[in-house]
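Take a look at the structure set out below.
The values are calculated or read from the model by the stated rules, or taken from the named source; none is laboratory data. This structure is a prediction, so every number in the text was calculated from the model and none was measured. Every residue, glycine among them, receives a Cβ derived from its backbone with ideal geometry; neighbour counts consider all protein chains shown.
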Amino acid sequence: MERTFIVGGNWKMNGDRKGIDEIIKFLRAGSIPANNEVYIGVPSIYLDYVQQRKPKNIEVAAQNCYKVEKGAFTGEISPDMLKDLGVKWVILGHSERRAIFGESDELIAEKTAHALEKGLKVILCVGETLNERESGKTNEVVFRQTKAVADKIKDWKNVVIAYEPVWAIGTGKTATPEQAQEVHDSLRKWIADNISKEVAESIRIQYGGSVTAANAKELAKQKDIDGFLVGGASLKPEFVDIINANAKKPEESKESKK
Ligand code: 13P
């Protein structure tokens with residue numbers, strides 16, 4: 001099955017209106033392959049600003065949202081609020097939310113279920129720390145994080161998984177294409193065994209962690225890597241090159257990924 005290549009930028013807590021104008025400028029100037037999907041993960045205070053200015057072929061994603069409709073939850077935003085602005089995507093379970101803000105697998109699963117119920121599309125982030133990798137627990141962690149969500153949702157069609165090994169985030173240490181492929185492949189097999197073969201075949205799994213224009217092409221060749229979630233480099237013009245990382249040379253264009 002052909003899975004649509006999807007590249008996201010995660011701006012994290014960066015940018016101001018002036019900087020955003022610059023980013024919009026290079027996004028408008030760059031070409032985006034017609035078959036690729038692209039989103040940018042924007043700080044909540046700028047969601048509306050970006051939504052008003054973004055190119056049509058790029059969607060806006062929130063970086064977080066809460067698990068209920070409304071109420072006394074100071075500082076939080078709800079899926080309904082995101083929809084009110086026309087935002088279609090939300091990034092949930094990022095390792096920074098997990099590690100710095102103490103979000104549990106359970107909370108992330110509840111947020112995912114609520115966001116999906118409300119009609120948002122979710123980028124669900126999973127990934128192991130260096131310590132977990134070195135003690136051979138990579139699969140265990142990634143499966144556990146995915147299972148927490150699988151216990152709460154039935155329909156995966158609006159979910160994209162982003163595999164982001166924590167040791168590769170913001171460190172300049174990218175997982176090698178083989179390391180990333182190995183985890184993507186194991187996760188897809190786990191999904192086939194524990195959710196369904198159909199979901200395993202159709203779900204997109206992005207790789208994230210120090211993706212740059214220099215390493216994106218090699219990563220994109222791996223059969224189970226269906227796109228990227230890009231942090232630092234999504235603030236720079238090289239993001240456009242990363243969006244194009246799967247573009248095939250004319251002579252290769254007949255070979256399609258599984
Ligand atoms: P970097 O690309 O800066 O390593 O960040 C990756 C990330 O956390 C994207 O969500």
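For this structure, a couple of remarks:
- Hey, Ile32 at pLDDT 95 or above and either touching a Pro at 6+ places or on another chain (Cβ under 6 Å) or among the aliphatic types (A, V, I, L, M) (or both) or not: no
- Taken over the stretch 111-131, residues that are acidic (Asp, Glu) and either in contact with a strand residue (DSSP E or B) (Cβ under 9 Å, 6 or more places away or on another chain) or surrounded by fewer than 18 Cβ atoms within 10 Å (Cβ to Cβ) (or both) amount to 1.
- Search result, residues across the stretch 210-230 that are within 11 Å of the ligand (Cβ to nearest atom) and surrounded by fewer than 23 Cβ atoms within 10 Å (Cβ to Cβ): Ser210, Thr212, Asn215
- All positions within the stretch 1-56 that are part of a helix (DSSP H, G or I) and among the charged types (D, E, K, R): Arg17, Lys18, Asp21, Glu22, Lys25, Arg28, Asp48, Arg53
- Counting only residues that are away from the ligand (no atom under 16 Å from the Cβ), among the hydrophobic types (A, V, I, L, M, F, W, C) and part of a helix (DSSP H, G or I), the stretch 145-167 holds 3 of them.
- When the residues of the stretch 168-209 are filtered to those that are near the ligand (Cβ under 10 Å from one of its atoms) and not hydroxyl-bearing (Ser, Thr, Tyr), the one that is nearest to Arg97 (Cα to Cα) is Ile169.
- A single entry from Glu140, Glu238 fulfils the requirement of being over 19 Å from Thr4 (Cα atoms) and within 13 Å of the ligand (Cβ to nearest atom): Glu238.
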